Structures are given as C-alpha cells and as structure tokens.
Amino acid sequence: MKKNKKKQGANKFEKLICVLAIIFAIISPIVVVFSKATLSELNYKVEEKKRQIEKQEKDNNSLAMTIDELASLSKVQQVASEAGLSYNNANIKVVQDK
C-alpha cells in the first residue's frame, strides 16, 4: 500500500518569518547609514563647541590680564595723578578678611 505524501508548502508562520527576514535585510543597512550620519553630525557639533570654548577661554584670559593691568598700583596712581589726585600712604587703611 502506497501512502500518498502530500508536499506541504510553507505554512503561514514560515511565510511570516521569511517576510520579516527580507524586511530586516532591507531596512538594517538604511538604519546603519542613518545612525552613522547622525553620529557624524553630533561629533562635528561637539568639535565646534570645543573650538568655541577654547576661544572663549582665551578671551577670558586676555580680559583677566587686562583687568590685572588696569588694577595695578602704578596704573591706579597714573589715573589718580591725571585726575589731579595725590597718593598719600598715610590715608590708606588695610581691610583683612577673617
């Protein structure tokens, strides 16, 4: 007695797995390229911010040096003499923090 073996096709679950695998194979390279592009853009922005910070630190240092020059005793004496004031060491009182 011969048994008739029917050749069974792929069932619904197997078809779904194949479709999902094809979709994944198509979408995954797109996602990789998109994520690398986003990462590259973020790295560029980080480097730009670092350059801005370095420039601002240089400006701050330059301004601090200018403040120190303007606050020096010789500069204060010069400005005072130009304004018609005189330097009298006896009138200076030193205030100290506790």
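All of the numbers you see were taken from the coordinates with simple rules; none came from a lab. Worth saying up front: this structure is predicted, and the values here are computed from it rather than measured. Here Cβ is always computed from backbone atoms with ideal geometry, including for glycine, and neighbour counts include all displayed protein chains.
Per-structure values
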read-out	value
Hey, Leu16 over 18 Å from the mean Cα position of the chain (by Cα), outside any helix (DSSP H, G or I), aliphatic (A, V, I, L, M) and surrounded by 10 or more Cβ atoms within 10 Å (Cβ to Cβ) or not	no
Those residues of region 60-98 which are of a type in the set (Lys, Arg) and in a helix (DSSP H, G or I), in sequence order	Lys75
Pairs where the first residue, in region 57-86, is on the phi < 0 side of the Ramachandran plot and the second is surrounded by 10 or more Cβ atoms within 10 Å (Cβ to Cβ) and among the charged types (D, E, K, R), C-beta under 6 Å, 6+ apart	none
